[in-house]
1. Out of segment B:395-420, which residues are outside any helix (DSSP H, G or I), in contact (Cβ under 8 Å) with a residue 24 or more places away in the chain and among the small types (Gly, Ala, Ser)?
2. Among the candidates A:Ala192, A:Ala234, single out the residue that is surrounded by 21 or more Cβ atoms within 10 Å (Cβ to Cβ), away from chain B (no Cβ under 14 Å) and within 20 Å of A:Leu378 (Cα to Cα).
3. Go through (1) polar (S, T, N, Q); (2) within 12 Å of another protein chain (Cβ to nearest Cβ); (3) under 20 Å from B:Phe195 (Cβ atoms); (4) surrounded by fewer than 20 Cβ atoms within 10 Å (Cβ to Cβ) and name the single condition B:Asn42 misses.
4. Tally the residues that are of a type in the set (D, E, K, R) and either within 10 Å of another protein chain (Cβ to nearest Cβ) or touching a Ser or Thr at 6+ places or on another chain (Cβ under 9 Å) (or both), restricting the search to segment A:352-384.
5. Could you go through segment B:25-34 and let me know if any residue there is within 13 Å of another protein chain (Cβ to nearest Cβ), touching a residue at least 24 places away in the same chain (Cβ under 8 Å), surrounded by 23 or more Cβ atoms within 10 Å (Cβ to Cβ) and within 30 Å of A:Leu342 (Cβ to Cβ).
6. Can you tell me which of A:Tyr286, A:Tyr325, A:Tyr346 is more than 11 Å from chain B (Cβ to nearest Cβ) and among the aromatic types (Phe, Trp, Tyr)?
7. Suppose the filter is without any contact (Cβ under 8 Å) to a residue 12 or more places away in the chain, within 28 Å of A:Val387 (Cβ to Cβ) and not aromatic (Phe, Trp, Tyr); does A:Ala230 pass it?
8. Could you check how many residues of segment A:353-380 are under 11 Å from the mean Cα position of the chain (by Cα) and of a type in the set (Phe, Trp, Tyr)?
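The values are calculated or read from the model by the stated rules, or taken from the named source; none is laboratory data. Everything numeric in this text was worked out from a predicted model, so none of it was measured. Positions of Cβ are backbone-derived with ideal geometry, glycine not excepted, and every protein chain shown enters the neighbour counts.
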Amino acid sequence: MFVSFATGGARRMTMTAAKSKKLRHVSVAGLLAAVLLFCAASFTMLAFSKGAFDYRALLFALLLCAVTVFAYIALVLIAPHADRCLFILVAFLVILGLTVQYRMSASAAMHQLLMTLAGYAAMLGACAVMKKAAILKYLSIPFAAASILVLAALLFVGKESGGAKNWISVGGTLVQPSEFVKVALVIVLSAAMARDGINKRPTVRELVPSMLFTACIAALLVMEKDLGAAMLAAGVFVMMFFTATGRFGTTLLIILAGAAAAVAAYYVFEHVRVRVEVWQDPWATYSTSGYQIAQGLMAIASGGLWGEGLGMGSPSLIPAYRTDYVFAVICEEFGIVFGVGLIAVYAIIVVRGVLIALSSKDGFRSLCAFGSAAFIALQTFIIIGGVIKLIPLTGITLPFVSYGGSSMIAFMTFIGIMQGIASANARELERELDDEHDGGPDTAEDEP
Amino acid sequence: MNRARNMRIMLAVFILLFALLAGYLFYIIDAYGDYWFASPYNTRVSSQRSAVTAGDIRDRRGVLLASSDAQGARTYTADEEMRLATAHIVGDGYGQTIGAQSLFAKYLLGFDAGIAARLETLFSKEKRRGDDIALTVDAELTKYAYSLLAENRGTVMLMNYKTGEVLAMANSPSFDLEAMAGYADGSYVPVDGSFVNRAAMGRYTPGSTFKIVTVVAALRYLPNATSRVFKCEGCIAFENSSGERVDVSVAVDADGNVREGYSALRDYGNEIHGELTLKEAFAHSCNNIFAGIALELGADKLMKTAESLGLNGEYIFSELVAYCGEYDKPNNDYELAWSGVGQYKDIMTPVNTLMLVCAAANGGDAMTPRLLMKVGDGSRASTGAEVYKQLLSAGEAAFLCECMELTVTEGTGARAALEGFTVCGKTGTAEVSSNDAVKPHAWFAGFIDSAEYPYAICVVIENAGTGGSVAAPVASKILNRAIELNQS
């Protein structure tokens with residue numbers, strides 16, 4: 001149902017523009033109401049769960065609803081053709097994340113709410129900028145240079161936190177620049193790979209610089225012990241490379257090279273070896289390195305199908321319960337069925353992102369939207385897969401849900417990019433319709 | 001060759017990845033969830049223990065095995081021998097063993113309660129009480145089995161091969177549940193090795209009980225195995241350096257002594273059986289013929305058969321934590337020959353052996369072992385009888401039954417016989433030390449061929465002597481007691 005109203009209803013608009021518009025608004029209002037209701041219900045439960053009635057939980061919920069509605073209205077004002085359904089799904093994830101954060105610590109949730117505000121601002125900003133995407137194209141070289149400089153500088157001035165040396169302190173708060181490098185990477189790669197015209201594609205030789213750039217970024221991230229981010233950068237590069245060139249053989253070759261690098265890392269780095277061993281059998285080293293995975297699995301198993309109930313679990317037993325392991329906490333308290341629902345929400349967000357990319361005629365914009373969706377898809381897969389022991393664990397955030405400002409702002413920027421492109425797509429379509437029918441979209445209604 | 005096509009391909013990849021996540025999450029929780037939940041590491045369970053009064057545990061006849069007193073502390077049956085006999089079944093609450101108290105903590109502590117019940121607890125000051133459960137085991141029978149193990153180390157497991165219900169599971173040495181409170185501070189020191197549930201997790205050398213596996217391999221891979229006549233010449237010889245089989249005349253001198261640099265595989269008591277059919281060789285537990293069969297089959301086929309029967313695998317039973325046997329691939333003739341008769345590095349757990357016997361008795365289907373009979377008033381009954389796996393074809397099962405019947409009527413298992421019933425079984429005498437002063441482990445695995453009393457049993461008594469003289473009579477007594485208890 002979500003998919004059928006994809007990308008501003010672009011295809012339907014040619015048939016019955018006004019009708020499809022109306023339909024979309026109705027369904028989206030219902031969805032928005034449902035999400036706000038979820039917010040109200042879960043915070044009401046939290047208000048009751050701590051013995052004495054906690055009225056601040058209700059205030060927090062009210063504030064959160066206001067922020068959500070405000071961001072929604074602002075988005076629609078800036079970009080009337082933005083994908084509203086996409087926004088509401090993201091808002092749901094944000095509300096879920098804040099619910100879980102509030103359940104664990106009210107003050108942390110307050111901080112995260114501020115970060116959410118910053119995130120929404122970043123989304124609106126990115127959306128506005130994306131309307132003039134051409135500017136970004138020219139900024140890609142500075143972006144690339146800045147990314148490498150910042151990551152290189154981190155090697156010397158970076159602060160270590162959570163095992164990775166990739167934080168810097170800005171006015172007292174720790175910022176993780178690698179999160180923003182993700183955004184820069186998508187823009188730089190899109191600019192390098194985009195060719196106008198449907199059947200034009202870059203040659204492999206033309207893409208060597210962007211390959212080197214990605215390798216450079218990944219190497220720097222590995223040196224900072226941020227394996228997850230390195231894997232992501234490499235993965236997104238491969239996906240964008242395939243999309244831009246369509247070369248199965250070369251893509252396979254790059255994947256094989258990546259696999260060889262991963263095997264080499266296994267033998268060279270002790271911490272990579274430990275990760276893999278722990279993945280194979282977390283119980284063997286329960287008291288040391290296997291503790292986190294084992295605790296996560298026990299948390300998910302304790303929740304069962306329907307969960308222990310909000311506020312009834314023991315999330316703090318798991319290390320990194322606010323950030324990397326928030327999925328295990330959600331499964332424990334909300335249940336596996338909810339967890340699978342959450343996976344579905346991410347899937348729909350990614351699908352809508354790719355559909356936006358598909359309906360863009362502009363090569364650069366299309367790749368930007370695709371890269372953003374690919375980042376969300378890959379990051380979600382890597383962290384949830386790690387938590388449920390499908391793949392070795394690498395500590396990265398669950399987009400929109402984990403505690404952390406840098407990640408929130410970066411992923412909101414991705415959403416902003418998608419929204420801006422969705423809006424641009426719709427305007428382009430409108431213009432085409434105008435040309436065809438020598439009138440506005442309103443006259444399209446008269447068509448049979 | 002355009003961008004849109006590539007993007008659609010990637011879209012399919014993304015959807016696949018997400019489907020994989022969701023599918024794997026369901027799969028892994030379905031397969032391992034109960035294990036992880038019941039893990040002694042899961043402190044969520046122990047923290048719930050202080051908030052909820054745990055329910056009672058009873059046996060199939062209603063005998064109270066574990067309960068909670070007014071203060072919520074755990075109390076166990078006052079009958080000391082029964083307490084020791086059922087210790088591994090009930091399980092301690094201190095993370096040393098995984099028994100009913102942790103496997104079924106979900107019910108005992110009310111983790112499966114609905115949202116309404118949970119909310120009620122949240123608001124009421126009263127301590128909530130978990131559900132009572134009844135187990136499939138017969139505490140009286142388990143106590144009797146435990147008493148027969150007496151001072152020996154060993155284990156007995158008895159299962160209904162039609163339903164998979166575990167009726168008895170006793171291990172010796174055992175520990176006292178009532179004294180476990182003193183375990184943490186060192187005031188109670190149980191006998192070394194007493195926390196091991198030998199029936200489910202004891203990794204033993206199987207000796208001749210492994211011939212069940214070799215027979216199945218022969219049925220599968222040797223042409224005319226059932227009609228062929230095998231010859232036992234009393235000795236198979238090997239060269240030590242290469243491990244290759246050599247002619248007996250090379251290795252053994254005229255007086256029957258083995259020459260330096262060679263070794264010989266002989267039968268128990270140096271018996272020479274002469275010409276036997278496969279069935280007779282099984283009944284008389286002829287090592288020479290079975291070692292010969294192993295050599296004829298080769299390591300690959302024997303290993304493939306062993307793995308199809310559960311060895312080297314992983315048992316995922318939701319109501320019993322159990323290990324499989326192990327078959328290590330032999331590298332030369334010497335190792336291959338000995339692996340065919342249950343020595344070399346062969347490992348079997350009593351439960352793995354019992355699963356094979358149950359499959360033979362039940363037309364090839366091994367049932368999933370079950371310990372939970374009912375939860376609460378029975379409105380939420382357990383899953384019911386369930387086929388774990390078809391281990392044997394109907395023909396293989398029938399032939400194994402005949403082999404095992406012959407073993408008891410005129411072979412090594414004669415002392416397992418019960419008047420008025422057809423008992424089928426296999427003995428095992430597992431050499432566990434090159435020192436002759438150390439006695440072998442005595443094994444008996446078998447069943448009663450009866451629709452009314454479909455009981456299969458596995459007995460292992462450590463360092464006690466031969467299977468036929470030590471384990472078979474114990475099995476016979478326990479089977480007899482099981483029939484008696486179910487007649488009244």
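1. Of all residues in segment B:395-420, those outside any helix (DSSP H, G or I) come to B:411-413, B:417-420.
Then drop every residue that is not in contact (Cβ under 8 Å) with a residue 24 or more places away in the chain, which leaves B:411-413, B:417-418.
B:Gly411, B:Gly413, B:Ala417 - these are the residues of segment B:395-420 that are outside any helix (DSSP H, G or I), in contact (Cβ under 8 Å) with a residue 24 or more places away in the chain and among the small types (Gly, Ala, Ser).
2. Of the residues listed, the single one that is surrounded by 21 or more Cβ atoms within 10 Å (Cβ to Cβ), away from chain B (no Cβ under 14 Å) and within 20 Å of A:Leu378 (Cα to Cα) is A:Ala234.
3. Only one criterion is unmet by B:Asn42, namely (4).
4. 2
5. So far as segment B:25-34 goes, no, none of its residues is within 13 Å of another protein chain (Cβ to nearest Cβ), touching a residue at least 24 places away in the same chain (Cβ under 8 Å), surrounded by 23 or more Cβ atoms within 10 Å (Cβ to Cβ) and within 30 Å of A:Leu342 (Cβ to Cβ).
6. A:Tyr325
7. On the way: without any contact (Cβ under 8 Å) to a residue 12 or more places away in the chain: no; within 28 Å of A:Val387 (Cβ to Cβ): yes; not aromatic (Phe, Trp, Tyr): yes.
No: the conditions fail for A:Ala230.
8. Residues that pass the stated criteria total 1.
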